[in-house]
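Here is the structure we will look at, set down as structure tokens.
The values are calculated or read from the model by the stated rules, or taken from the named source; none is laboratory data. These numbers come from a predicted model, not from an experiment. All Cβ positions, even for glycine, are placed from backbone atoms using ideal geometry, and neighbour counts span all protein chains on display. All accessible areas refer to the heavy atoms of the entire protein, side chains included, with ligands and DNA or RNA removed. Shrake-Rupley method; radii C 1.70, N 1.55, O 1.52, S 1.80 Å.
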Amino acid sequence: DHVAVLDGGWGRVQHGEDPDAQRRLYYVAMTRARHTLLLARFLQTHGLQDDLAGHSAVVRREPIPIHPPSPAMAYRHVRAGLRDVALSFPGYYTSGHPVHAAITALSSGDPLETRVGIHGRWELLDATGCVVGRLAKAFQPPPGMRCCAATVLAIIVWSREASEPQYRDRIRCDSWEVVVPELVFAPNGKTT
């Protein structure tokens, strides 16, 4: 119903591209609007919009001030992938170890705490302070940011068989659950 076409270098022709390709794409974007159409542009000239000036109804020509972004835009939500998690960590403990019961008690959305543990590895702790997961050695937070919140994104099942061969000799159970977190990072110095 409502279409906004942003300014982003329309009219630039790539090497070997049909010179009218951008004009056609712009036209297609405009024709999708059923009720309202917004053609945004930076202050400099805009060849495609300048060509339309005499052929279209322009409701507003004066620039609209751009308001500062919401403070929430400064935060980064990181949904960890399997490469971000130390998948073998719970497998290093026997099946009767409390870490397995603590992971089983967790559900998606449950809060976690984070800390940087031994050897600089990030650890995930449940509400009781039990370490229920560890992030991969290669995991790095976004530069200039600190973790201000964490939750359980998912819990997956992993096994000795699925583990990398170099870790199998340290594994003490055949299969286990692994916590995959979602982490929220704030710029250093910001409070939540």
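Restricting the trypsin sites (Lys or Arg not before Pro) of the range 1-37 to loop positions (DSSP other than H, G, I, E, B) with no more than 13 neighbouring Cβ atoms within 10 Å leaves Arg12, Arg32, Arg34. Extension gain, Ala127 to Thr151: 0.36 nm times the residue separation minus the Cα-Cα distance gives 7.6 nm.
Just to confirm the number: angle between the C-alpha axis of helix 21-31 and the first principal axis of the chain, 0 to 90 degrees, nearest 10? Helix 21-31 sits at roughly 90 degrees to that axis.
Converting the Cα gyration tensor eigenvalues of the range 147-187 into ellipsoid dimensions via √(5λ) gives semi-axes, longest first, of 28, 12, 7 Å. Only beta bridges with both residues in the chain are counted; by DSSP, about 85 percent of them are antiparallel. Amide H contacts of Ala149 (H built 1.01 Å from N, in plane; Pro and chain starts excluded): Val184 sit under 5 Å, all sequence-distant by 5 or more or on other chains. For Cys130, nonlocal amide neighbours, meaning residues 5 or more places apart or on other chains whose placed amide H falls under 5 Å from its own, do not occur. Positive-end ranking of Ser175, Gly96, Tyr27 along the dipole of the chain, with charges on Cβ about the Cα centre, is headed by Gly96. Surface calculation, 1.4 Å probe, protein heavy atoms: Thr151 sits at approximately 50 Å² accessible.
In the chain, what is the volume of the convex hull around the alpha carbon atoms, normalised per residue and reported in Å³?
Cα convex hull per residue, to the nearest whole number: 226 Å³.
Between Ala29 and Ser175, the contour length at 0.36 nm per residue exceeds the alpha carbon distance by 47.4 nm.
Amide hydrogen proximity for Val85: with H placed 1.01 Å from N in the peptide plane, the residues at 5 or more positions away or on another chain lying under 5 Å are Ala136.
Solvent-accessible area per residue in the chain equals 67 Å², computed with a 1.4 angstrom probe and all protein chains kept.
By accessible area, using a 1.4 Å probe on protein heavy atoms only, the chain has 55% of its surface on carbon and sulfur. Taking each residue as 0.36 nm, the span from Thr94 to Ala138 lengthens on full extension beyond its C-alpha to C-alpha distance by 13.3 nm.
Spread over its residues, the convex hull of the C-alpha atoms of the range 114-160 is 116 Å³ per residue.
The longest part of the chain holding none of the exposed loop GluC sites (Glu not before Pro), meaning those outside H, G, I, E and B in DSSP with at most 14 other Cβ atoms within 10 Å, is 18-160.
Using the Kirkwood formula on the Cα atoms of the range 64-139, what hydrodynamic radius do you get, in angstrom to one decimal?
On the way: mean 1/r = 0.0686 Å⁻¹.
Across the range 64-139, the inverse of the average 1/r is 14.6 Å.
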